[in-house]
Amino acid sequence: MWFACGSLSLEGQLEVATGPSAVIISHPHPLYGGEMNNPVVTTLAAVYQRLGYTTLRFNFRGVGRSAGNYDDGRGEGDDLRAAAAHLAGLGKTVTDLAGYSFGAWVNLRLNPPLSTVRRQLLVAPPVAFIEFGMIAEPPPELLVITGAGDRIAPPALLREQAPHWHPHARLFILPGVDHFYNGALDRLATLAVTALAPQVGGASSGVA
C-alpha cells in the first residue's frame with residue numbers, strides 16, 4: 001500500500017484488525033540497509049497483530065520504493081506523522097509506536113509527539129551510535145528491549161539513559177543476544193508479548 005507525505009509517496013505494509021487501536025513500526029537506519037521487511041520489524045508487527053492491533057510498517061523516504069531522500073531523522077519524523085494521519089483516515093487510533101534501532105530514535109524524538117500515543121516500545125535504541133539528547137515529552141508508558149551483548153544499545157548505557165526519557169521506563173534484557181537478533185526472533189517475540197501484555201505470561205529475562 002501507499003500513503004502520501006506531502007509530495008512524497010511512501011510504501012508500507014498494512015494489516016487491519018477489527019479494533020480501533022493501531023501501531024506504527026519504524027525500521028532501522030536507512031543508510032545501513034534498514035527497511036520495513038527487516039526481520040525484527042516484521043516480528044514486532046506479528047506480535048502486535050497477535051494482540052489485536054492494526055499494524056503499519058513502512059519505508060522511510062528514500063528507502064525501497066518510497067520517494068525522497070534520507071533526511072537525518074527530520075523528514076523521517078514527518079513520514080511518521082503521515083503514517084499516523086493515514087491510519088486516522090481509516091478510523092484507527094495510533095496508541096502505540098514501536099521502533100527498532102534508528103526507528104526507535106525517530107519515534108522517541110518526535111517533537112511534538114503524537115497526541116494519541118499511549119505507549120512506546122523501543123527495541124535496541126542505538127544510544128552508543130546516535131545522540132538521543134532531551135526528549136520533548138515522554139509517552140505515558142515506555143518499554144525498552146535490548147540484548148545483553150548489544151554494543152550499539154548496551155544495557156549499562158540504557159540503564160543510565162532510560163530514566164531520563166521516562167521516570168518509570170521498563171528495561172528488558174535478552175541474554176546472549178546482540179544488536180541484530182540473529183537466531184533470537186522467537187525469544188524477542190515472547191519477551192515483547194510479555195512486556196506489552198504481562199497477563200499473557202511466558203516472560204524471558206526482564207529488568208524493570
Percent relative contact order for the chain, counting Cα pairs under 8 Å at least six residues apart, stands at 17
Per its Cα gyration tensor (rounded if a/c is under 1.5, else prolate when a/b beats b/c, else oblate), region 1-62 is best filed as oblate
Within the under-13-Å Cβ sphere about ARG119, not counting ARG119, Lys/Arg +1 and Asp/Glu -1 give a net charge of 0
Over all pairs of different Cα atoms in region 38-127, the reciprocal of the mean inverse distance gives a Kirkwood radius in Å of 13.5
If one compares the long axis through the Cα atoms of helix 155-165 with the longest principal axis of the Cα atoms of the chain, the angle in degrees, nearest 10, works out at 60
Given backbone amide H placed at 1.01 Å from N, residues whose amide H is under 5 Å from that of SER26, ignoring those fewer than 5 places away on the same chain, are ALA98, GLY99, TYR100
Phi-derived 3J(HN,Hα) across region 89-106 with the Karplus relation (6.51, -1.76, 1.60, θ = phi - 60°), rounded Hz, x for Gly and Pro, is x, 8, x, 10, 9, 7, 8, 10, 10, 10, x, 10, 6, 3, x, 5, 5, 4
Sequence order, region 132-137: Karplus ³J(HN,Hα) from phi using 6.51 cos²θ - 1.76 cosθ + 1.60, θ = phi - 60°, Hz rounded, Gly and Pro as x, gives 7, x, 7, 9, 4, 7
Assertion target for TYR53, TYR70, ordered by fewest C-beta neighbours within 10 angstrom first, is TYR70, TYR53
Taking only the Cα positions of the chain, the convex hull volume per residue in Å³ is 106
Sorting ALA4, GLY64, SER115 by the position of each Cα along the dipole of the chain (Lys, Arg +1; Asp, Glu -1; all at Cβ), the one nearest the positive end of that ordering is SER115
Ordered by fewest other Cβ atoms within 10 Å, a rough proxy for footprinting exposure, HIS164, HIS29, HIS86 read HIS164, HIS29, HIS86
If every Lys and Arg gets +1 and every Asp and Glu gets -1 at its Cβ, then about the Cα centre region 112-197 yields a dipole, in debye to the nearest 20, of 160
Computed for the chain: size of charge dipole around the Cα centre, +1 on C-beta of each Lys and Arg, -1 on C-beta of each Asp and Glu, debye to nearest 20, value 340
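Since every read-out is calculated from the coordinates, none of them should be taken as a lab result. Here the structure is a predicted model, which is why all the values come from computation and not from measurement. With ideal geometry, Cβ positions are generated from the backbone for all residues, glycine too; neighbour counts draw on all protein chains shown.
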